[in-house]
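**Q** There's a structure below that I have some questions on.
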Amino acid sequence: MRTDTLTMGIAGLTIAIAGCGLPGVFQPLDVVEAVELPRYTGKWYEIARYPNWFQGEDCDGTTAEYALREDGTIRVENRCSDVASGAEDVIIGSARVPDANESAKLKVRFFGPFEADYWIIDLDEVGYQWAVVGEPSRTFLWILSRTPTMDPDVYAGILSRLPRWGYDPGRLRVTLQPVE
């Protein structure tokens, strides 16, 4: 596994994001009203993302798995595969909800004391089958699904709503998922 590359990338990401929340630079980012964390846990497939430096061009087959811990934090396990070669990166981290009144605003940590915003801005609130995750600087964005593919109408609906949060759908990179 290529964990060193991914670990360093995530470490750098958390440092970069920690400095992105400059007051007055961006309009406030709205999030969903509430997230039931037990329903949110489990495996998610990345459907699309904004390109970023810590997930290289060969980073596909990306999944995230969340599990509640007894102390109320969440175990985070991110996997990224090079679909062509099968090489895989894995990184383990944690997430927490800093304010119980804002359960859609999480902080994630993969390395040291540095945390990054993980804000759920759109969610299938009935079935928890898809989610859209962003952060206040609008630098990072992920579209997630419980399955490796997403219904085209659901995806189109998400794309149509992204501009209201200050995201450009044209910047998205679709993630290749292996056929299961």
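Just so you know, all these numbers are worked out from the coordinates, no wet-lab data involved. For clarity, every value in this text was computed on a predicted model and none was experimentally measured. Methodologically, a virtual Cβ is constructed for each residue, glycine included, from the backbone with ideal geometry; neighbour enumeration extends over all protein chains shown.
**Q** Please list, ordered by chain and number, the residues whose modelled amide H lies under 5 Å from the amide H of ASP60; skip anything fewer than 5 residues away on the same chain.
**A** Amide H neighbours of ASP60, under 5 Å, 5+ apart: SER81, ASP82, VAL83.
**Q** Filter the chymotrypsin sites (Phe, Trp or Tyr not before Pro) in the range 43-140 to those in DSSP coil with at most 12 other Cβ atoms within 10 Å of their Cβ, and list the result.
**A** Within the range 43-140, the qualifying chymotrypsin sites (Phe, Trp or Tyr not before Pro) (loop, at most 12 other Cβ atoms within 10 Å) are TRP53.
**Q** Taking the Cα centre of the range 3-171 as the origin and placing charges on Cβ (Lys, Arg +1; Asp, Glu -1), which of PRO28, PRO163, ILE47 is farthest toward the positive end of the dipole?
**A** My answer, from the dipole projection, is PRO28.
**Q** Hey, another quick one. In debye, nearest 20: dipole of the range 135-180 around its Cα centre with unit charges on the Cβ of K, R (+) and D, E (-)? Don't skip to the answer; put the middle values down first.
**A** Values: 6 positive and 5 negative charges, 42 e Å.
About 200 debye.
**Q** With a ≥ b ≥ c the root eigenvalues of the C-alpha gyration tensor of the range 22-87, is it rounded (a/c under 1.5), prolate (a/b larger than b/c) or oblate?
**A** Cα axes put the range 22-87 in the oblate bin.
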